[in-house]
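Undergrad: Quick one: the structure is below, questions incoming.
The values are calculated or read from the model by the stated rules, or taken from the named source; none is laboratory data. Computed from a prediction, not measured in an experiment: that's the story for all the values here. A quick note on method: Cβ atoms are made from the backbone with ideal geometry, for glycine too, and the neighbour counts reach across all protein chains shown.
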């Protein structure tokens, strides 16, 4: 019965993330998990963590099924099994966190507010690295819009995960320990009010003049995107959207031109370049580029007033953009065009366009805050281009937008995102969505964006302080436990 409760609460906690954003629900569900882990054996904690994680990821990344079956055409039974297996793999990380914290003896308050957060954050960090990484649904993303988001420029999403779990631990202490209730309530209020105060700190300063921007959303169905019969219409859709704006910076989505650059009609590229020159600015165009017959990139190129430049995607999606060894058989079951890209260079300079230095990232690259921060403080704007048509009408687009919001907060930069089917949006450096287009509609989002200069503590230090803090907490608790045992 308790495993079922863990599973259901893990699933319910997804409502704390976008699009619902019921953040207190996350504190309540993790307060229960902390209670269940209290005094539980390592084996029991592993099992409870697994069922909680299976509920969390089973509900939160159910869009994997949509990608494989509804869009990719994989048979329903196989897509369902693959989705379940993937979620079960992800659930091993909360399970391992539960096992690790249970292995270390500690007082209830230390366990609830430090030990469990440290173990969870350590395995969240490992999840962002193992098998190329999948940091989706890190707990800190749910804190966007809450008072705790003020800590993001200090320690990034992992710091928010740590503090979210610490806050849940305090909720548990307040509920279960009547004698010290006031003390824990004061600690909770101090953490929350400090986070709220940090939201008003100006971590960056304006750089240059405000820039007119147009973000294009062509709304091309994934089933039609790479259809040769739809190719000319796709190009015309984007050309007309671009011609209708006088913005100095025009941003096309990922692979807006669904053909290798060397196969695109030169007249079309000249047409786009003339638009940018007319506006005395530049275009960022998502298009695949081929260097050799066996080496090609998911890229963004510039057209217009600035010298030609390109960004090649670095962090590729397993099975979507590269084929891990031994998984070639999967591509025989699912229709994924251009599924074996090459990786771009790890250290690419921001693109100098329209008087700004733009850190471009493609698709789910913006889920890796450490990698985004690598282009700062040189970059003055963040731009993400995506094709989230792969996820259909699921939770993924809203979750992706929330991830982008946190990247803006961490770096104190305006974040612009142009997508094929939505959510195309402009995000202020404090995480507020300033404007957005409706999903599944063709349109152009026009606005004025301000570049910024300066470096937040997170940009300077990235994830390492909170990772080392977590390791330090676990190590210190282990040493204290061993000394007490030796006595």
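Undergrad: Picking from 170, 131, which residue would you name as being in contact (Cβ under 8 Å) with a residue 12 or more places away in the chain and either surrounded by fewer than 21 Cβ atoms within 10 Å (Cβ to Cβ) or within 30 Å of residue 237 (Cβ to Cβ) (or both)?
TA: It is 131.
Undergrad: Within the stretch 16-27, which residues are on the phi < 0 side of the Ramachandran plot and surrounded by fewer than 18 Cβ atoms within 10 Å (Cβ to Cβ)?
TA: Answer for the stretch 16-27, where residues must be on the phi < 0 side of the Ramachandran plot and surrounded by fewer than 18 Cβ atoms within 10 Å (Cβ to Cβ): 19, 20, 22, 24.
Undergrad: On to the next question. Among the residues of the stretch 143-152, is any assigned by TED's automatic domain parsing to the domain that holds residue 21 and more than 19 Å from residue 456 (Cβ to Cβ)?
TA: Looking for residues that are assigned by TED's automatic domain parsing to the domain that holds residue 21 and more than 19 Å from residue 456 (Cβ to Cβ), one finds none in the stretch 143-152, hence no.
Undergrad: Right, another one. When the stretch 137-165 is examined, which residues are found to be surrounded by fewer than 21 Cβ atoms within 10 Å (Cβ to Cβ) and either within 17 Å of the chain's Cα centre (by Cα) or free of Cβ contacts under 8 Å to residues at least 60 places away in the same chain (or both)?
TA: Within the stretch 137-165, 145, 147 meet the criteria.
Undergrad: From the list 345, 449, which residue is over 25 Å from residue 139 (Cα atoms) and in a strand (DSSP E or B)?
TA: It is 449.
Undergrad: Ok, one more. Do we have any residue at all in the stretch 396-413 that's over 21 Å from residue 136 (Cβ atoms) and either assigned by TED's automatic domain parsing to the domain that holds residue 363 or touching a residue at least 24 places away in the same chain (Cβ under 8 Å) (or both)?
TA: Yes: the stretch 396-413 contains one or more residues that are over 21 Å from residue 136 (Cβ atoms) and either assigned by TED's automatic domain parsing to the domain that holds residue 363 or touching a residue at least 24 places away in the same chain (Cβ under 8 Å) (or both).
Undergrad: A further question on this structure: Quick check on the stretch 200-220. Is at least one of its residues at positive phi, within 24 Å of the chain's Cα centre (by Cα), in contact (Cβ under 8 Å) with a residue 60 or more places away in the chain and not in a helix (DSSP H, G or I)?
TA: Yes.
Undergrad: Ok, one more. For residue 434, which of the numbered conditions (1) closer than 16 Å to residue 211 by Cβ; (2) touching a helix residue (DSSP H, G or I) at 6+ places or on another chain (Cβ under 7 Å); (3) surrounded by fewer than 17 Cβ atoms within 10 Å (Cβ to Cβ) fails to hold?
TA: Failed condition: (2).
Undergrad: Ok, one more. From the list 56, 48, which one is surrounded by 20 or more Cβ atoms within 10 Å (Cβ to Cβ), touching a residue at least 12 places away in the same chain (Cβ under 8 Å), part of a helix (DSSP H, G or I) and under 22 Å from the mean Cα position of the chain (by Cα)?
TA: Going through 56, 48 in turn, the sole match is 56.
Undergrad: If you go through the stretch 290-304 one residue at a time, how many are touching a helix residue (DSSP H, G or I) at 6+ places or on another chain (Cβ under 7 Å) and either surrounded by fewer than 17 Cβ atoms within 10 Å (Cβ to Cβ) or farther than 30 Å from residue 280 by Cβ (or both)?
TA: Result for the stretch 290-304: 1.
Undergrad: Which one of the conditions (1) touching a helix residue (DSSP H, G or I) at 6+ places or on another chain (Cβ under 8 Å); (2) outside any helix (DSSP H, G or I); (3) within 29 Å of residue 315 (Cβ to Cβ) does residue 93 fail to meet, given that it meets all the rest?
TA: Just one mismatch for residue 93, condition (2).
Undergrad: Another question, then. Spot the failing condition for residue 422; the list is (1) touching a helix residue (DSSP H, G or I) at 6+ places or on another chain (Cβ under 9 Å); (2) loosely packed, with under 15 Cβ neighbours inside 10 Å; (3) at pLDDT below 95, and only one is missed.
TA: (2)
Undergrad: Being in contact with a helix residue (DSSP H, G or I) (Cβ under 6 Å, 6 or more places away or on another chain) and part of a helix (DSSP H, G or I) is the filter; apply it to the stretch 67-79 and report the residue that is surrounded by the fewest Cβ atoms within 10 Å (Cβ to Cβ).
TA: The qualifying residue surrounded by the fewest Cβ atoms within 10 Å (Cβ to Cβ) is 76.
Undergrad: Can you tell me which residue among 376, 406 is in contact with a helix residue (DSSP H, G or I) (Cβ under 6 Å, 6 or more places away or on another chain) and either within 30 Å of residue 73 (Cβ to Cβ) or at pLDDT below 95 (or both)?
TA: 376
Undergrad: Do we have residue 213 as closer than 21 Å to residue 354 by Cβ and modelled with pLDDT under 95 here?
TA: The answer is no for residue 213.
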